[in-house]
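Some notes on the structure that comes next.
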Amino acid sequence: MKREPLFIDGKLNAGKCNDCGVVRFPRRDYCNYCQSTNISEYLLGPQGKLETFTISYMKPMIGRMKPPYPYGVAIFLTDDGQKIHVIGLIDSQEPFEDVKIDKGLILIEDKLLIKFKMEAD
Amino acid sequence: MRNVAVVGVGVFPFGRHSDLLYQEIGVPAVNDAIEDAGIDRKQIQSCYAGTVSGMGTAHDIINECGMIGIPIIRVENACVSGTNAFRQAWMEIASGLSDISLAIGIEKMKDSSMAAQGGGRIQLEMKAMMKLPIVSTFSIMGLPGYFALAAHRHMNDFNTTKEDLANVTVKSRRNASRNPKAEFQNPMTVEEVLNDKMINPPLTRSQCCPKTDGAAAAILMSEELAKKYTDTPVWIKASSMTSSYVEEQFKNLISLPNIENAKKAFSMAKLDPKDFFNNGFAEVHDCFSISELLHYEDFGWCKKGEGPKMLNDGIPEIDGDLPINPSGGLLSCGHPLGATGIRQVAEVVYQMRKDKEVAKRQIPDKNLNLALAHTMGSPIMGFTSGIHIFSRDL
Ligand SMILES: [Zn+2]
């Protein structure tokens with residue numbers, strides 16, 4: 001088990017199983033579907049779509065985030081149409097009116113967190 | 001495997017017990033279960049204790065109860081800990097290792113943070129965790145967050161409303177107003193639920209289960225002994241568990257990680273979900289308002305998206321076709337992690353027996369043939385689901 005970087009060239013560092021074709025993010029040594037270890041690098045993004053979101057009005061259990069902050073689950077599509085769901089912090093200002101379900105978003109590269117910025121309407 | 005029955009149960013009132021030790025809330029629950037079973041305590045051959053934070057607490061309880069010498073095993077599996085302790089006691093008897101086993105569920109949460117509750121791991125690993133990007137990203141989510149994400153997607157896909165969600169709490173409080181051992185016994189209106197403090201939109205505070213102190217216990221027996229000690233044994237027809245991982249679960253945000261487990265449990269009991277209508281009832285893991293609606297759908301009791309309709313049609317009410325959470329559930333009883341799974345079993349036993357404990361919230365006789373008890377939990381980034389199915393007749 002090794003620690004992989006989160007981003008490569010501004011895209012998310014995922015893994016594709018060469019035996020069954022399933023893409024997983026984050027990348028791991030084993031495929032969860034066929035148990036293969038034959039996994040190749042597969043990059044996701046930077047463009048995705050917001051599947052759902054919420055806003056935290058509470059301090060997180062761990063970490064230093066200051067509420068309120070919005071976050072959500074984005075879908076990134078692979079070349080062969082697999083939907084990869086990824087959670088991330090949404091870069092937005094109160095009252096967070098630009099944050100809407102099914103709207104386009106783009107990854108923001110960061111060392112420690114997955115972050116999204118909503119695309120303009 | 002041998003048939004196993006629940007013969008005795010006990011619950012210490014859920015709420016705030018800051019001045020009491022773990023064993024001071026656990027011992028009364030265990031003594032009540034022993035008295036309820038009508039056995040001599042020296043007949044108990046093994047003990048499984050579900051608790052997330054209570055290191056060593058089962059040993060203190062067993063010592064206080066005069067049963068020193070039996071094997072005592074602590075079981076930790078987040079919110080499923082109590083259900084798992086119960087499952088281990090079932091396995092102990094089903095396998096023939098014991099004829100009588102004790103399952104305890106216990107937790108004290110009022111005076112600690114959730115991070116401290118996690119048995120120390122979160123504090124020990126905090127620095128390392130925050131350097132791991134994927135973990136630090138998940139950490140922004142918090143406990144209500146995951147369910148809020150599911151709620152928003154459900155509202156988007158099925159026109160589920162804030163009022164639909166609030167109605168879960170309204171039903172919960174209505175049932176709990178008839179449960180003297182619930183933490184919150186005050187009825188609430190839809191408006192009061194929606195105007196409560198916002199936690200994670202669309203979930204307000206009263207749509208989130210509270211951190212609670214509480215304990216519960218159950219005595220399980222082999223078929224041979226159960227028939228000797230009681231005329232009203234409650235039979236365990238299925239015990240089923242599955243696990244999943246948060247990144248996998250995001251693939252289906254309008255469901256919770258219980259679908260496969262529900263199928264396994266119904267199959268083990270040789271039942272169809274529909275067999276519960278006008279025949280059974282359930283205690284399910286309503287950790288948040290949205291959770292209960294998703295359970296209706298994920299367990300096959302209604303179509304995907306029709307959870308709110310099932311609730312608004314009155315089906316899960318105490319006098320409905322399929323009563324769900326007659327106790328008030330986690331939203332109103334409170335959720336002492338390890339205790340919840342065993343408190344649910346106690347509700348099942350009291351209801352099936354028409355015990356005076358549930359006199360004010362008794363489910364009609366036609367619905368007492370089958371029961372289902374379910375918890376789900378999230379040990380850090382994993383998910384676990386535990387289900388038991390019970391019957392009045394073997
Ligand atoms: Zn594979």
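The values are calculated or read from the model by the stated rules, or taken from the named source; none is laboratory data. Since we're looking at a predicted model, the values are computed, not measured. Because the Cβ atoms are built from the backbone with ideal geometry, glycine has one as well, and the counts that use them run over all protein chains shown. Surface areas here come from the heavy atoms of the whole protein model, side chains and all, with no ligands, DNA or RNA. Shrake-Rupley method; radii C 1.70, N 1.55, O 1.52, S 1.80 Å.
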Please enumerate, by chain and number, the aspartates and glutamates with C-alpha under 19 Å from the C-alpha of residue B:360, excluding those fewer than 8 residues away in the same chain.
B:183, B:283, B:317, B:319, B:321, B:347
Under a cut-off of 12 Å between alpha-carbon atoms, report the aspartates and glutamates in cross-link reach of residue B:264, not counting same-chain residues fewer than 8 places apart.
B:272
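When a/c is below 1.5 the answer is rounded, else prolate if a/b is larger than b/c, else oblate, so apply that to the range B:136-195 with a ≥ b ≥ c taken from the square roots of the Cα gyration tensor eigenvalues. Walk me through the intermediate numbers first.
Numbers: a/c = 3.00, a/b = 1.53, b/c = 1.96.
It comes out oblate by the Cα gyration axes.
With a ≥ b ≥ c taken as the square roots of the eigenvalues of the C-alpha gyration tensor of chain A, please select rounded if a/c is under 1.5 and otherwise prolate if a/b is larger than b/c or oblate if it is not? Display every interim value, and only then the final one.
On the way: a/c = 2.33, a/b = 1.70, b/c = 1.38.
Prolate, since a/c reaches 1.5 and a/b exceeds b/c.
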Please name whichever of B:349, B:290, A:63 sits farthest to the positive end of the charge dipole of the protein assembly as shown, dipole taken about the Cα centre and charges placed at Cβ: Lys and Arg +1, Asp and Glu -1.
A:63
Keeping every protein chain present and rolling a 1.4 Å probe, give me the accessible area per residue for the protein assembly as shown in Å².
40 Å²
Give the list, by residue number, of cysteines in the protein assembly as shown with no other Cys Cβ closer than 4.7 Å, or say none.
B:47, B:65, B:79, B:208, B:209, B:287, B:302, B:333
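Considering only protein heavy atoms and a 1.4 Å probe, what is the carbon-and-sulfur percentage of the accessible area of the range A:47-118?
51 percent
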Net dipole in debye of chain B [+1 Lys, Arg Cβ; -1 Asp, Glu Cβ; about Cα centre; nearest 20]
340 debye
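With an 8 Å Cα cut-off and a minimum separation of 6 or more residues, compute the relative contact order for the range A:18-121 in percent. Can you show the working numbers first?
Numbers: 185 pairs, mean separation 24.6, N = 104.
Over the range A:18-121, the number comes to 24 percent.
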Cα centre as origin, Lys/Arg/Asp/Glu Cβ charges: the protein assembly as shown dipole, Debye:
540 debye
Using the Karplus curve 6.51 cos²θ - 1.76 cosθ + 1.60 with θ = phi - 60°, work out ³J(HN,Hα) for each residue of the range B:201-218 in order, rounded to whole Hz, and write x for Gly and Pro.
x, x, 8, 8, 3, 6, 9, 10, 5, x, 6, 9, 9, x, 8, 8, 8, 9
Lysines with Cα under 16 Å of residue B:110, excluding same-chain neighbours fewer than 8 positions away:
B:211
Taking the Cα centre of chain A as the origin, how large is its charge dipole in debye, to the nearest 20, when only Lys and Arg (+1) and Asp and Glu (-1) carry charge on their Cβ atoms?
520 debye
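Would you work out what percent of the accessible area of chain B, with all protein chains in place, is carbon or sulfur (probe 1.4 Å)?
Values: 7160 of 13870 Å².
Roughly 52 percent, rounded to a whole number.
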Residues with amide H under 5 Å from that of residue A:105, placed H, sequence gap 5 or more
A:48, A:49, A:50, A:119
Contact order relative to length for chain B, counting C-alpha pairs under 8 Å separated by 6 or more residues, stands in percent at 26 percent
Mean Kyte-Doolittle of at least 0.0 plus a Cα span of 15 Å or more along the axis: flag which DSSP H helices in chain B meet both, please.
B:337-353
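Please give the calculated 222 nm ellipticity per residue for chain B, where each DSSP H segment of at least 4 residues contributes -39500 (n - 2.57) and the sum is spread over every residue; nearest 500 deg cm²/dmol? Each step should come with its number before you reach the end.
Details: 16 runs with 154 residues, N = 394.
Estimated from H runs of four or more residues: -11500 deg cm²/dmol.
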Pairs to check: A:115/B:251; A:11/A:103; A:11/A:83; A:103/B:131; A:66/B:181; A:66/A:111. Give those whose C-alpha atoms are more than 26 Å from each other in this structure.
A:103/B:131; A:66/B:181
Modelled label-to-label distance, residue B:394 and residue A:35, 7 Å Cα→beta-carbon offset: nm?
3.9 nm
Label-point separation (nm) for residue B:232 and residue A:78, each offset 7 Å from Cα along Cα-to-Cβ?
5.6 nm
Counting protein heavy atoms only and a 1.4 angstrom probe, how many square angstrom of accessible surface do chains B and A bury in total, to the nearest 100?
3200 Å²
Among rounded, prolate and oblate, which fits the range B:12-140 when a ≥ b ≥ c are the square roots of the eigenvalues of its C-alpha gyration tensor, a/c under 1.5 means rounded, and a/b larger than b/c means prolate?
prolate
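Viscosity 1.567 mPa s, temperature 4 °C: Stokes-Einstein D of chain B from its Kirkwood Cα radius, in µm² per second?
On the way: Rh = 20.7 Å.
Result for D is 63 µm²/s.
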Where q = 0.10 Å⁻¹, what log10 of I(q)/I(0) comes from the Debye formula for the protein assembly as shown, counting one point per Cα?
-0.78
